[in-house]
Amino acid sequence: MTISIWFNKKKKTMKYRALVTTEENKKFVNSIQEKELDFLPDHNSLIKVKYSSLNYKDALSASGNKGVTRKYPHTPGIDAAGIIEETKSKKFKKGDEVIVTGYDMGMNTAGGFGEFIKVPEEWIIKKPNNFSLSESMAFGTAGLTAGLCLRKLLQHGLKPADGKVFVTGVTGGVGIISLMLFNKLGFEVTAITGKMNEKDLLMDLGADEVIDRNELDVDLLSPLQKPIYSGGIDAVGGKILSNLICSTSQRAAIACCGMVGGLSLDTSIFPFILRGLSLFGIDSAESLLQVKDEVWNNFSSDWKLENIDRNIKDISLDDLPIEIDKILEGKQIGRVRVVYD
Ligand SMILES: NC(=O)c1ccc[n+]([C@@H]2O[C@H](COP(=O)([O-])OP(=O)(O)OC[C@H]3O[C@@H](n4cnc5c(N)ncnc54)[C@H](OP(=O)(O)O)[C@@H]3O)[C@@H](O)[C@H]2O)c1
């Protein structure tokens with residue numbers, strides 16, 4: 001790989017490479033460009049990014065979704081793990097290994113798809129011990145979201161003895177890590193997927209059964225259906241979540257975080273008032289820093305996934321445009337990690 005960061009002695013500015021999304025004739029184009037550090041916003045900590053990862057939200061930003069990113073040109077990337085290069089913070093010092101996910105990074109603040117980021121210290125987490133930077137980006141925001149969902153369900157009191165749980169969008173980033181975490185904690189898991197050809201992989205990762213999502217992607221069958229699940233993590237929303245809400249047992253809890261299957265929910269009050277269902281919404285981006293910190297520390301201890309690297313595709317910055325198209329088409333399996341020099 002070429003070394004692409006250097007000081008231009010004449011101008012005393014530093015150059016770095018980044019994926020830049022530009023708007024051209026109402027179309028959005030992604031290219032790898034050389035930028036100067038001045039391109040980065042004026043925040044108090046400059047971080048040399050060692051790893052990033054690809055999330056669905058990045059693909060929305062990179063394809064011109066104005067709900068995610070208002071202004072272009074822009075560098076997406078809601079995840080970054082790296083080393084503090086320069087900081088005015090009293091909490092951090094040069095050389096610290098850190099993780100940044102969410103808040104405005106990658107939305108309207110240049111993100112982890114560049115070799116450098118500049119962010120406020122309030123967004124930065126010190127990497128836990130017993131956990132590498134590369135491991136942290138195997139999780140990334142998708143993993144963090146799975147962890148936040150799990151944390152919420154455990155706080156509710158959900159336990160393996162309550163009965164089986166489900167995971168939707170299970171071959172995707174949030175789903176695959178949710179499955180692995182549930183399995184690690186001893187839950188019986190139903191994996192719900194559109195890719196039945198990945199059944200062996202899902203069983204191998206800890207699913208007890210695998211169901212074709214098309215069975216659930218139908219108009220609401222009935223406001224109360226056979227009680228099957230004590231809880232679950234949903235990354236897809238729409239008709240699939242609507243039907244699952246009606247298939248829960250007494251005092252069940254569902255954490256929902258995604259909408260690849262649809263924005264709306266068709267339900268009635270019955271599962272809530274007759275079965276005591278709790279439906280939790282999860283927003284990882286704006287979660288409190290101490291909550292994120294707690295989940296990252298769980299990943300490095302009680303929730304440690306020894307096999308986390310198994311379904312990771314490592315790519316370079318130059319490979320990103322192709323991988324962005326794939327995630328938009330729902331064709332990714334597992335996680336995509338961006339590795340810098
Ligand atoms: N709230 C938050 O903080 C937060 C954080 C991260 C992500 N998210 C959201 O969570 C969702 C999943 O994110 P991700 O990073 O895991 O994305 P991903 O890697 O693209 O995975 C999404 C998975 O959903 C399934 N799927 C795709 N199209 C579908 C459709 N039309 N109907 C039903 N299922 C479909 C596919 O799995 P199968 O083929 O196995 O079904 C796909 O792999 C996205 O909506 C994302 O924006 C939210």
The lysines whose Cα lies under 21 Å from the Cα of Lys184, excluding any fewer than 8 residues away in the same chain, are Lys152, Lys159, Lys164, Lys199, Lys292, Lys304
Taking the chain and counting helices only, DSSP H stretches of n ≥ 4 at -39,500 (n - 2.57) each over all residues, the nearest-500 ellipticity at 222 nm comes to -7000 deg cm²/dmol
Global form of the chain, assessed from the alpha-carbon gyration tensor, a/c cut-off 1.5: prolate
Do the alpha carbons of any pairs in Lys27/Lys91; Lys118/Lys195; Lys48/Lys326 sit beyond 31 Å of each other, and which pairs? Lys27/Lys91; Lys118/Lys195
Low-density loop GluC sites (Glu not before Pro), the stretch 241-341, at most 16 other Cβ within 10 Å, DSSP non-H/G/I/E/B, are Glu286, Glu306, Glu329
Footprinting proxy, Ser63, Ser222: sorted fewest to most Cβ within 10 Å, the residues are Ser222, Ser63
Treating cross-link reach as a plain straight distance, find the aspartates and glutamates whose alpha-carbon is under 12 Å from the alpha-carbon of Lys93, omitting any fewer than eight places away in the same chain. Glu85, Glu121
Between the stretch 39-64 and the stretch 278-309, the Cα center-to-center distance that results, in Å: 20 Å
Centre separation in Å (Cα based) which lies between the stretch 150-182 and the stretch 187-261: 11 Å
Dipole size in debye (nearest 20) for the chain around its Cα centre, Lys and Arg Cβ +1, Asp and Glu Cβ -1? 880 debye
Checked against the positive end of the charge dipole of the chain (+1 on Cβ of Lys and Arg, -1 on Cβ of Asp and Glu, about the Cα centre), the farthest of Gly172, Phe28, Phe270 is Phe28
Listed residue (Ser242, Thr193, Gly281) projecting farthest to the positive dipole end of the stretch 142-281, Cβ model: Gly281
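The numbers here are math on the coordinates, done by the rules we state, and not lab data. Not measured: the values here are computed from a predicted model. Counting neighbours? That spans all protein chains shown, and the Cβs are built from the backbone with ideal geometry, glycine included.
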